[in-house]
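The values are calculated or read from the model by the stated rules, or taken from the named source; none is laboratory data. As the structure is a prediction and not an experimental result, all values here were calculated from the model. Neighbour counts run over all protein chains shown; Cβ positions are idealised from the backbone, glycine included. With ligands, DNA and RNA removed, areas are computed over all heavy atoms of the protein, side chains included. Shrake-Rupley method; radii C 1.70, N 1.55, O 1.52, S 1.80 Å.
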Amino acid sequence: MGQLEFDRRLVERLERLYRTRDVLRRRELVRDALGARPGDRILDVGCGPGFYVSEFLEVVGREGSVVGVDISADMLAVAAKRVDGHDNVEFHEADATSLPVPDATFDRAVCVQVLEYVRDVPTALREMHRALRPGGRALVWDVDWATVSWHAIDRQLTRMVLAMWDNHLTHPSLPQTLAAQLRNAGFEDVRMDAHTFATTELIPDAYGGSLLPLVEQYVAEQGGMSQQDAKAWADEQRGLGSRGEFFFAVTQFCFTATRRS
Ligand SMILES: C[S@@+](CC[C@H](N)C(=O)[O-])C[C@H]1O[C@@H](n2cnc3c(N)ncnc32)[C@H](O)[C@@H]1O
C-alpha cells in the first residue's frame with residue numbers, strides 16, 4: 001500500500017477535479033483567508049497544476065510575483081503552461097522541506113493539501129517560516145480524513161475502503177496537530193477555520209462525487225483490495241446516487257499564521 005503518485009495520469013485527474021464547484025469554493029476560501037494584495041510576493045508550496053499560481057498572478061498584478069514549488073515535474077509542466085506569457089512567475093522542482101528560495105522574501109506563503117503528504121512536517125513549516133518576511137502570513141490547508149461521513153449499506157466494506165484510503169497519504173489527520181506544529185515552527189497568531197464539504201448528490205461537482213472514482217482506483221490498484229470488491233463498493237455508491245440516497249461529508253481545515261514582525 002503506497003502514497004498517491006503525482007504522475008501524469010493523476011495530473012489529468014486533478015485538472016478535472018480542480019475545476020469542479022467544491023474545489024472552486026475551496027480556492028475562493030483560500031484567497032479570502034490569504035488576503036493577498038497587489039504588489040505582494042507569494043510562495044505556493046506544492047503548487048500542483050498551478051490553479052492558485054494563475055489566480056494569485058491576477059491579484060498581485062505586474063508589480064507582484066509568484067513562485068511555485070512542487071516535487072512533481074509532471075505537475076510543474078502543467079502549471080508552467082497555465083501561466084505561459086507571464087514574466088513575474090517562477091517554478092522550482094523541489095521538496096517542501098528544502099525550499100530553493102532566499103530567506104525573508106515573501107509576503108504570503110500558501111500550502112494547500114500538501115503537508116498531509118510530507119513526511120517531515122516540522123521542517124516544511126520551518127522552511128515556510130524562513131521564506132516569509134517578518135510580518136508575512138502563511139496559509140496551510142489540509143483535510144482531516146477521520147471526519148469523513150459516508151453513507152453505505154455495506155458498512156464493513158466501506159470501513160475497509162476508508163482504512164485503505166488512509167494509506168494514500170502520510171498524515172490522515174494532520175489538522176489535529178497543525179496549530180501546535182505551526183507555533184513550534186516559530187509562527188504566531190495561529191488561527192483555524194473548519195469548512196465542511198457535504199453533498200447528497202453523487203455528481204462530479206461535489207467533492208464526495210469526484211472522490212469516488214479516485215478512491216475506487218486507489219484501493220484496487222494500490223490499496224490491496226480486489227478489483228471486484230472495489231467495484232462492488234463503488235457500484236453500491238452509484239446505486240445510492242441514482243436512488244437519491246447518497247450522502248458524503250468531510251471537514252477541511254484552513255490555518256493562517258504570521259511570522260513575528
Ligand atoms: C493534492 S495536490 C495539491 C496541489 C495544489 N496545492 C492545489 O491545491 O491545487 C498535492 C501536491 O503536493 C505535491 N507534493 C507532495 N509532496 C511534496 C513534497 N514533499 N514537496 C513538494 N511538493 C509535494 C504533489 O506533487 C502535488 O502537486
Return one number: the angle in degrees, 0 to 90 and rounded to the nearest 10, between the long axis of the Cα atoms of helix 207-221 and the longest principal axis of the Cα atoms of the chain. 70 degrees
Calculated from backbone phi, Karplus (6.51, -1.76, 1.60) coupling profile of the stretch 190-203 in Hz, x at Gly/Pro: 7, 10, 9, 10, 9, 10, 8, 10, 10, 8, 10, 10, 8, 10
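Can you pull the percent of the stretch 143-261's accessible area that's carbon plus sulfur, 1.4 Å probe, other chains left in place? Kindly include the intermediate steps, with their values, before the conclusion.
Working: 2650 of 5540 Å².
Solvent-exposed carbon and sulfur of the stretch 143-261 make up 48 percent of the total.
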Would you mind putting 87-99, 207-219, 170-182 in packing order, based on average other-beta-carbon counts within 10 Å, highest first? 207-219, 170-182, 87-99
Cβ charges +1 (Lys, Arg) and -1 (Asp, Glu), total dipole of the chain, debye: 500 debye
Using the Cα centre of the chain as origin and beta-carbon charges of +1 (Lys, Arg) and -1 (Asp, Glu), tell me which of 39, 227, 244 is placed farthest towards the positive end of the dipole. 39
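Taking the Cα centre of the stretch 1-123 as origin, work out the dipole magnitude from +1 charges on Lys and Arg Cβ and -1 charges on Asp and Glu Cβ, in debye rounded to 20. Let's see the in-between values first.
Details: 17 positive and 23 negative charges, 106 e Å.
In total the dipole reaches around 500 debye.
Against the globular-protein guess of 2.2 N^0.38 Å, express the Cα radius of gyration of the chain as a ratio, rounded to two decimals.
Cα Rg divided by the expected 2.2 N^0.38 Å: 1.02.
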Of the candidates 195, 254, 206, the farthest towards the positive dipole end of the stretch 117-261 (Lys/Arg Cβ +1, Asp/Glu Cβ -1, centred on the Cα centre) is 254
Computed magnitude of the charge dipole of the stretch 145-197 (debye, nearest 20; Cβ of K, R +1, Cβ of D, E -1): 140 debye
Do any GluC sites (Glu not before Pro) in the stretch 5-73 lie in a loop, going by DSSP, with at most 16 other beta-carbon atoms within 10 Å of their beta carbon, and if so which? 5, 63
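Enter the accessible area per residue of the chain (Å², integer; probe 1.4 Å; all protein chains in place). Walk me through the numbers on the way to the answer.
On the way: 11840 Å² over 261 residues.
On a per-residue basis, the chain sits at 45 Å².
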Per the Kirkwood definition applied to all pairs of different Cα atoms, how many angstroms is the hydrodynamic radius of the stretch 1-93? 13.6 Å
Calculated from DSSP H runs of 4 or more alone, at -39500 (n - 2.57) each and per residue, what is the 222 nm mean residue ellipticity of the chain, nearest 500? -12500 deg cm²/dmol
